[in-house]
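Undergrad: My questions will all concern the structure given below.
The values are calculated or read from the model by the stated rules, or taken from the named source; none is laboratory data. Model, not experiment: these values are computed from the prediction. Note: ideal-geometry Cβ built from the backbone for every residue, glycine included; neighbour counts use all protein chains shown. These area figures cover heavy atoms from the full protein model, side chains too; ligands, DNA and RNA do not enter into them. Shrake-Rupley method; radii C 1.70, N 1.55, O 1.52, S 1.80 Å.
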Amino acid sequence: EDIQWSPTEANVFASGSVDCTVRIWEVNEEGYTGHTDSVEDIQWSPTEANVFASGSVDCTVRIWDTRNRGGSALHIRAHEQDVNVISWNSNVSHLLVSGSDDGSFKIWDLRNFKESTPAAHFKWHNAPITSVAWCPWEGSMLAVSSDDHQVSIWDLAVEADDEAPAEDDLAHFPAQLLFLHQGQKNVKEVHWHAQIQYMLGSTSYDGFNAFIPSNLFETA
């Protein structure tokens, strides 16, 4: 259980592990340049081995191909403020979500990756978005956490019924908003459980919560 840098090769080190192996690693010091401010999040493509995405304080989201160091393959100005988090949909691989300091999150269709045409744009939260996570069982469902002390669960497959009468106390809720989890302070991370269907875990300044949204119990 040790690592040792090579005394003769500046970018090579060896590691010994409890799995009974010794491995040699080579660190590539040449980075991928294009962002003009701090890179806040990175996500590998769920289907393309050489492709990853990055989000930055420079307000952009960039798509990279590791086979080309000449710059990002695609990029857009995704938000007017910092891009804090991104998540690549493992069920629908052309969909990416980005969350911003301005409290909004946007869904991007990589088949038509233009800043003027996000597939969806929601400004529900009133503080920076701190985490976004696609549901592993439903390609249209995702969770979003924010510094406004809330975790919101969304289903993009739901469409607003323009003919249905609007109740005054529900009129301001987007049709796609399935559930709100509250009671934590400054929620920093939200993740779906890998085995228990529709269970989520959220971390915050004051603790950890594990929950299944009450309106998803019947399908869990």
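Undergrad: Within region 21-31, which residues are modelled with pLDDT of 90 or more and either open to solvent by 60 Å² or more (accessible area, probe 1.4 Å) or in contact with a helix residue (DSSP H, G or I) (Cβ under 8 Å, 6 or more places away or on another chain) (or both)?
TA: V22, R23, I24, W25
Undergrad: Still on this structure, please answer the following. Is it the case that H79 is outside any strand (DSSP E or B), over 24 Å from C135 (Cα atoms) and not aliphatic (A, V, I, L, M)?
TA: So H79 fails the test.
Undergrad: Looking at G103 and the list (1) under 22 Å from D37 (Cβ atoms); (2) touching a residue at least 60 places away in the same chain (Cβ under 8 Å), which single condition is not satisfied?
TA: Exception for G103: condition (2).
Undergrad: Return yes or no: is Q184 in a loop (DSSP other than H, G, I, E, B), closer than 20 Å to S146 by Cβ and either open to solvent by 40 Å² or more (accessible area, probe 1.4 Å) or at pLDDT 95 or above (or both)?
TA: yes
Undergrad: Based on this model, can you work out whether S116 counts as under 23 Å from T36 (Cβ atoms), of a type in the set (S, T, Y) and open to solvent by less than 40 Å² (accessible area, probe 1.4 Å)?
TA: Against the criterion (under 23 Å from T36 (Cβ atoms), of a type in the set (S, T, Y) and open to solvent by less than 40 Å² (accessible area, probe 1.4 Å)), S116 does not qualify.
Undergrad: While we're on this one: What's the number of the only condition in (1) within 23 Å of D155 (Cα to Cα); (2) assigned to a strand (DSSP E or B); (3) open to solvent by 30 Å² or more (accessible area, probe 1.4 Å) that E40 fails to meet?
TA: Evaluating E40 over (1) within 23 Å of D155 (Cα to Cα); (2) assigned to a strand (DSSP E or B); (3) open to solvent by 30 Å² or more (accessible area, probe 1.4 Å) leaves (1) as the failure.
Undergrad: Let me ask another. What about H125, is it touching a Gly at 6+ places or on another chain (Cβ under 6 Å), at pLDDT 95 or above and open to solvent by less than 60 Å² (accessible area, probe 1.4 Å)?
TA: In short, yes.
Undergrad: While we're looking at this one, here's another question. Under the condition of being within 14 Å of V85 (Cβ to Cβ) and open to solvent by 30 Å² or more (accessible area, probe 1.4 Å), which residue from region 43-70 is farthest from the chain's Cα centre (by Cα)?
TA: V57
Undergrad: Moving on. Quick check on region 43-56. Is at least one of its residues over 23 Å from R111 (Cβ atoms) and charged (D, E, K, R)?
TA: No, the conditions are met nowhere in region 43-56.
Undergrad: Cβ-Cβ under 7 Å, sequence separation 6+ or interchain: first residue in region 198-216 and within 22 Å of Q176 (Cα to Cα) and without any contact (Cβ under 8 Å) to a residue 24 or more places away in the chain, partner in a loop (DSSP other than H, G, I, E, B) and not aliphatic (A, V, I, L, M). Which pairs?
TA: M199/H193; G201/H193; I212/Y198
Undergrad: Return yes when S145 is open to solvent by less than 40 Å² (accessible area, probe 1.4 Å) and of a type in the set (G, A, S) and no when it is not.
TA: So S145 fits the description; yes.
Undergrad: Taking the options I86, I76, name whichever one is under 15 Å from K114 (Cβ atoms) and open to solvent by less than 10 Å² (accessible area, probe 1.4 Å).
TA: Residue meeting the stated conditions: I76.
Undergrad: Kindly list, by first and then second residue, each pair from a residue in region 122-141 that is closer than 13 Å to H79 by Cβ and without any contact (Cβ under 8 Å) to a residue 24 or more places away in the chain to a residue that is open to solvent by 20 Å² or more (accessible area, probe 1.4 Å) and not in a strand (DSSP E or B), limited to pairs with Cβ atoms under 9 Å and residues at least 6 apart or on different chains.
TA: Once the first residue is closer than 13 Å to H79 by Cβ and without any contact (Cβ under 8 Å) to a residue 24 or more places away in the chain and sits in region 122-141, its partners that are open to solvent by 20 Å² or more (accessible area, probe 1.4 Å) and not in a strand (DSSP E or B) give K123/D102.
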